[in-house]
Structure formats: C-alpha cells, structure tokens
Amino acid sequence: MKCCLVKWIIASTSKQGPDCCDSDLELSMVRHQPEGLDQLQAQTQFTRKELQSLYRGFKNECPSGLVDEETFKTIYSQFFPQGDATTYAHFLFNAFDMDRSGSIRFEDFVLGLSVLLRGSVTEKLRWAFNLYDINKDGYITKEEMLAIMTSIYDMMGRYTLPSVKDDSPFDHVEKFFQKMDRNRDGVVTIDEFIETCQKDENIMASMQLFENVI
C-alpha cells in the first residue's frame, strides 16, 4: 500500500511502537465510533490485519475519530514541500467527505483507500470522476477539470524534470475534454468519462500518474 495517505498512517503507527496492538477496533476513546471490523473487511479489499494497522495510525493522528481538511493540507504539504498542496488537498478532502459534513470518518477513509489502491479500473475511474466533479452535480465541466489539473501542477508539476510549462494544465484539459465530451454539450458525464478513459491509452497513463498523488 503505497500512497501519501497510507504512508502518513504507517508513520503514525510506527511512532506508537509494536506493543500497541488492538485485538479489535477500540471504540471507547473516540468521539466517532467506527463500524465493526468485520463489516469494514466485507466492504473493502483490506485484510483484518491491514484494517487494524490503518485504524491504529488513524486513531493516533485523529483521536476524535474524524479527519478534518486542515489535516489533509498538513499531510500533503509534508509530502510535497516544494509546491503548494493546499488546493489539491481541499479537492481531495471533498472527494472523501461524501456527506459534506466537513470531516471524514474512518469508514469513509478506508472505503476510499480501498477503491484507490485495490479497486477495479472502473471503480477507480468512478472515484476519479467524483474528484473532478467538484460541485457534485453529476457532470464535469472544463473549468472543474482545469481546477483539479492546476492544483496537481501547483503541488508537484513545476518541480518535475523536465520542468512543466505554465500552460501545460490548460493544454492537457483542452485535449482531454475534447475527447471526453462526445456529444459536444460542454459537460462530461460519468459514462463519457469512463468510456473515453478506458479506450484512450494516453488518458489512462495520465490516470496512473494521478494515482501517485493520492
């Protein structure tokens, strides 16, 4: 499991030392009580041991049992110190915060991670669509796609080699959107998004790169 969020959790778990091992999800100390371990195991692609490890790290970093947006911004600024991760962390947080409560429960956190790390291509693309659909109206506009792309470039693009030009996000979006918006109505539906991504190797390659910044 290699992604920023998992590295953050693992680092937190290792700080606690090997003796801190829950036989089950420890519920008494947290404000928000997560679902039982068996239920989460059935809903995700994680093993019981992986869920226990993730929960120990999650609980250590977030004793209340909830993650807020500031925590996400802190995580991503640590992993991408040379760029500005603030906007990307905001968009990513909103993709995890499905009920718009302003905080992420452990269940939401591991359900999202399970899709991103172990899900099928279609599941990952559905999750990516949800990220790009900033206002959650079921469509992606060119402006939304540009906002996400720009936030990723702000976080890491300008420091990659070879260096990325300032107009690169716009160029990418123009190219992708033209392919995806098949009926030329100015928006991309989830069906258009999934179908185009699966048929276009260049877009799928970009999606693989996108996975590196989760």
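Against the condition in contact with a Gly (Cβ under 8 Å, 6 or more places away or on another chain), of a type outside the set (D, E, K, R), buried (at least 19 other Cβ atoms within 10 Å of the Cβ) and at pLDDT below 95, how does Met149 come out, does it pass? When the stated conditions are applied, Met149 does not pass them. Tell me, please, whether a residue that is under 23 Å from the mean Cα position of the chain (by Cα), modelled with pLDDT under 85, surrounded by 14 or more Cβ atoms within 10 Å (Cβ to Cβ) and hydrophobic (A, V, I, L, M, F, W, C) can be found in segment 189-204. Yes, because at least one residue in segment 189-204 is under 23 Å from the mean Cα position of the chain (by Cα), modelled with pLDDT under 85, surrounded by 14 or more Cβ atoms within 10 Å (Cβ to Cβ) and hydrophobic (A, V, I, L, M, F, W, C). If you go through segment 162-170 one residue at a time, do you hit one that is open to solvent by 60 Å² or more (accessible area, probe 1.4 Å) and either closer than 21 Å to Leu113 by Cα or modelled with pLDDT of 95 or more (or both)? There is no residue in segment 162-170 that is open to solvent by 60 Å² or more (accessible area, probe 1.4 Å) and either closer than 21 Å to Leu113 by Cα or modelled with pLDDT of 95 or more (or both). With respect to the numbered conditions (1) under 15 Å from the mean Cα position of the chain (by Cα); (2) more than 15 Å from Ile152 (Cα to Cα), which one is the sole condition not fulfilled by Tyr88? Among (1) under 15 Å from the mean Cα position of the chain (by Cα); (2) more than 15 Å from Ile152 (Cα to Cα), Tyr88 violates only (2). Counting only helices (runs of 4 or more DSSP H) that sit wholly inside segment 46-131, those with at least 1 residues that are of a type in the set (Val, Ile, Thr) and open to solvent by less than 40 Å² (accessible area, probe 1.4 Å) are 69-79, 106-118. Of the residues contained in segment 174-181, none is found to be at pLDDT below 80 and surrounded by 14 or more Cβ atoms within 10 Å (Cβ to Cβ). Pairing each residue of segment 47-75 that is at positive phi with any residue that is open to solvent by 60 Å² or more (accessible area, probe 1.4 Å) and among the basic types (Lys, Arg), provided the two are 6+ apart or on different chains, yields C-beta distances under 6 Å for Gly65/Arg31.
The values are calculated or read from the model by the stated rules, or taken from the named source; none is laboratory data. This structure is a prediction, so every number in the text was calculated from the model and none was measured. For neighbour counting, all protein chains shown are included, and Cβ atoms are generated from backbone atoms with ideal geometry for every residue, glycine included. SASA here: full protein model, heavy atoms, side chains in, ligands and nucleic acids out. Shrake-Rupley method; radii C 1.70, N 1.55, O 1.52, S 1.80 Å.
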